[in-house]
1. Test of understanding: among B:V281, B:V264, B:V252, which residue is more than 14 Å from every other protein chain (Cβ to nearest Cβ) and either of a type in the set (G, A, S) or farther than 24 Å from B:F133 by Cα (or both)?
2. If you go through segment B:172-199, how many residues are touching a residue at least 40 places away in the same chain (Cβ under 8 Å), under 30 Å from the mean Cα position of the chain (by Cα) and surrounded by fewer than 23 Cβ atoms within 10 Å (Cβ to Cβ)?
3. On the basis of being assigned to a helix (DSSP H, G or I) and in contact with a Leu (Cβ under 6 Å, 6 or more places away or on another chain), does B:I152 make the cut?
4. Could we say that B:R50 is at pLDDT below 95 and part of a helix (DSSP H, G or I) here?
5. So for segment A:140-159 (the condition being in a loop (DSSP other than H, G, I, E, B), within 12 Å of chain B (Cβ to nearest Cβ) and more than 21 Å from A:G47 (Cα to Cα)), does at least one residue qualify?
6. Among the residues that make up segment A:32-52, is at least one of them surrounded by fewer than 19 Cβ atoms within 10 Å (Cβ to Cβ) and within 14 Å of chain B (Cβ to nearest Cβ)?
7. Out of all the residues in segment A:56-109, which are within 15 Å of ligand 1 (Cβ to nearest atom) and in contact with a Ser or Thr (Cβ under 6 Å, 6 or more places away or on another chain)?
8. Would you be able to say whether some residue in segment A:101-123 is over 20 Å from the mean Cα position of the chain (by Cα), of a type in the set (V, I, T) and more than 13 Å from chain B (Cβ to nearest Cβ)?
Amino acid sequence: MSEDLYRAEGLRLSLPDLNRKPLWGPAPRNEILKGLDFSIRRGEILGIVGGSGSGKSTLGRCLVRLLQPTGGRVLFDGQDITHLDDAALRPLRRRFQMIFQDPMSSLNPRHRVGQLIAAPLHLHGVQDVRARVAEALDLVGFPQEMASRYPHEMSGGQRQRVGIARAIALRPDFILADEIVSGLDVSSQAQVLNLLERLVKDLGLTLAFISHDLSVIRRLCSRIMVLYQGEIVEESETAALFAAPRAAYTRELLDAIPLPDPQQVWA
Amino acid sequence: MADARMMVRRQAGARLWLSAFWLGLVALAALFAPLIAPHDPLAQDLFLGRMPPFWVAGAEPGYWLGTDSLGRDVLSRLIYGARIALTVALVAGAATCVLGAGLGLMAGYMRGWVDTVISRFIDIWMAFPPVLFSILLIAVMGPGLISIIIAIVIIDWTRFARVIRAEAMGQGAMDYVASARVAGRGRISTMLTEILPNVLPTIVVLLTLEMGIAVIIEAILSFVNLSIPTDDATWGGMISEGRVSIHQAWWVLVFPLIALFLTVLAFSQLGEGLKDRYDPVLR
Ligand SMILES: Nc1ncnc2c1ncn2[C@@H]1O[C@H](COP(=O)(O)OP(=O)(O)O)[C@@H](O)[C@H]1O
Ligand SMILES: [Mg+2]
């Protein structure tokens, strides 16, 4: 068993750019990921930062194979999943899960919370779904009555906790969290982050946490990867990155974090 | 705020119950026509021609809504006419819905070549003038209930297909679809369990509208004598006959008109009412 849960080698993704399509012939391709090499270690929390449009979500969607890379390889637990089809991916899917950015659109508005959490369990033929749903609700700190709620009857923070419950119910090895707190107010953010941190520790998960906000990444992640225009510009331990950022882009990001001013006088 | 919402809900409830009540009445009349109808709808009696409805002086006892120029009982003909109206509404509405919504759902969710083929097909289809098309069809197939139903399906499936395609496309872009895929759900299963419940409210509204439209189309075709070849009672046929003798016997025209109007209105309100009542997102 190797130390790396994920390995990406020369990972590339390009999409045809239909806006620049000439009248005749194929559209030029828009390079979104430009050959990424990295690995995600078992049990770590990897932060993936970068500005809007830097390719974070695209990278994440390649990892959970919502997108098929157009170049390079993705290895999950030593197995090449770059070009696996739906049928071949199916048994692997219970091992990597994803939590989405927008808690409103990532939960089917016409399914109840209980159904939302149970559906993946049924799909993978898990025994005793009821108990597993109850346990997942319990783990994210919900009373059992929540199971009969619809998503629109909940707050943003609560919906994101449903997203977490659904992801952990399958007992995956890996969870990808794509900007999961960026739509929440500060106190819900803290609540969701604390919950996620505790669950990762308790369940022994590996987590990739995507964010554009370094201050959120700092408190959660052990290692950070900085993405800029589809390329990795820096990759290091959290403490080292904050102490001595090497890439110019990282310094720019760091400078953008608002620091509490000790001199400030509250009038 | 809460009060305003209660008002809307109560109105929605009234709309649902009133339309369901009327359609239930029509359905009962259609189902039990032989038991309910006071007379044979085809029996002529030239001595009883153009008798007025019961509250007008000179009415013949037992002929509640009067008789037409051939002495046939208007109420009995209305009741038997409900059979044909409802059959057309249910069969044509359901068939149009299954065909149109099915193709629209596939095109909108699967995109790619499936969408290209179906959308092209819809465009070509809609380039034909539909009324001409249906008259041509009936001319070829001969008038009759089956021809009418096929004509309605052929004319109207594109309405479902276009609307549902657009809806499915919008829903398909939502993260909950990606989320189902991450959980390992296959494409067809995702379409049926994730997308379909979210376009179902629109399908229900379209379906009930379509049933109303089917009733009207049947009436129009009866009116121009392209519907049922025999002299079976149809609402459209009654309206057409009643038009001729409007000055001598207004009731022959007015009662089927009212039945037609209420039925079409009830169908359209039923869809909206069901949506308000049962869609969890709106509740
Ligand atoms: N479906 C798509 N088609 C074309 N371009 C896309 C698509 N999705 C994303 N992009 C482009 O890819 C780039 C990276 O997007 P994304 O991965 O969403 O960035 P991030 O999550 O870091 O904000 C952006 O420039 C975006 O315009
Ligand atoms: Mg993103």
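The values are calculated or read from the model by the stated rules, or taken from the named source; none is laboratory data. Not measured: the values here are computed from a predicted model. Backbone-built Cβ (ideal geometry, glycine too); neighbour counts: all protein chains shown. Surface accessibility is based on the protein's heavy atoms, side chains included, excluding ligands, DNA and RNA. Shrake-Rupley method; radii C 1.70, N 1.55, O 1.52, S 1.80 Å.
1. Going through B:V281, B:V264, B:V252 in turn, just one is more than 14 Å from every other protein chain (Cβ to nearest Cβ) and either of a type in the set (G, A, S) or farther than 24 Å from B:F133 by Cα (or both): B:V252.
2. Summing the residues that are touching a residue at least 40 places away in the same chain (Cβ under 8 Å), under 30 Å from the mean Cα position of the chain (by Cα) and surrounded by fewer than 23 Cβ atoms within 10 Å (Cβ to Cβ) in segment B:172-199 gives 3.
3. Values: assigned to a helix (DSSP H, G or I): yes; in contact with a Leu (Cβ under 6 Å, 6 or more places away or on another chain): no.
Considered against the rule, which asks whether it is assigned to a helix (DSSP H, G or I) and in contact with a Leu (Cβ under 6 Å, 6 or more places away or on another chain), B:I152 comes out as no.
4. No: the conditions fail for B:R50.
5. Taking segment A:140-159 as the starting set, the residues that turn out to be in a loop (DSSP other than H, G, I, E, B) are A:140-143, A:149-150, A:154-155.
Next, only the ones that are within 12 Å of chain B (Cβ to nearest Cβ) stay: A:149-150.
Now restrict to residues that are more than 21 Å from A:G47 (Cα to Cα): A:149-150.
Scanning segment A:140-159 turns up at least one residue that is in a loop (DSSP other than H, G, I, E, B), within 12 Å of chain B (Cβ to nearest Cβ) and more than 21 Å from A:G47 (Cα to Cα).
6. No, every residue in segment A:32-52 fails to be surrounded by fewer than 19 Cβ atoms within 10 Å (Cβ to Cβ) and within 14 Å of chain B (Cβ to nearest Cβ).
7. Selection gives A:P69, A:T70, A:F100, A:S106.
8. no
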